[in-house]
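Just so you know, all these numbers are worked out from the coordinates, no wet-lab data involved. Fair warning: this is a prediction, and the values are worked out from it, not measured in the lab.
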Amino acid sequence: MAMGYSEKVMDHFINPRNVGELEHPDGVGEVGNAKCGDIMKVYLRVENGVLTDVKFKTFGCASAIATSSMATELIKGHPIGEALALTNKAVVEALDGLPPVKLHCSVLAEEAVKAAIKDYYDRHQVPYDPALFADLDEDPHGDLVEE
């Protein structure tokens, strides 16, 4: 275990899944953390309410890349509702943990997925409860960047 990272974190950092951009995506979400400089961008392709393809581009540390990779793996092939329920805790558990100082990366991964789903809803005029995305709109620390 390198510097407190699990084997799964190292695997998703060294061999990230779903890296890249989607041409003509159905939804795109971008979030960032001004304190550490991490930026995550998630692209979605949706067919019949299912995420048929998910890609990401992340500028950041090993934890940021690993959490982005794992988050895309956890939602790809699943209905939007399930993807919207993704939590940073689920990402951390799927990676067999993160050092406490890196937990914010898992929060960014969750927020990037939510931002992409919100963008999909907005682009396709899908009605939704704004409370589902309140954490994206409220930003007491100035950490989020939304596209």
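Listing for the model above:
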read-out: Whole-number percent relative contact order across the chain, with pairs defined as alpha carbons under 8 Å at least 6 apart; value: 30
read-out: Whether region 1-54 is rounded, prolate or oblate, judged on the alpha carbon gyration tensor where a/c under 1.5 counts as rounded; value: oblate
read-out: VAL19 long-range amide H proximity, modeled H, under 5 Å; value: PHE56
read-out: Rounded Å value of the spacing that divides the Cα centres of region 35-83 and region 100-120; value: 8
read-out: Structure-based [θ]222 nm, the chain - -39500 (n - 2.57) summed over DSSP H runs of at least 4, per residue, nearest 500; value: -11500 deg cm²/dmol
read-out: Set of lysines with alpha-carbon distance to LYS118 below 22 Å, sequence-local pairs under 8 removed; value: LYS41, LYS55, LYS57, LYS76, LYS89
read-out: DSSP bridge orientation in region 2-137 - percent antiparallel, rounded to nearest 5; value: 95
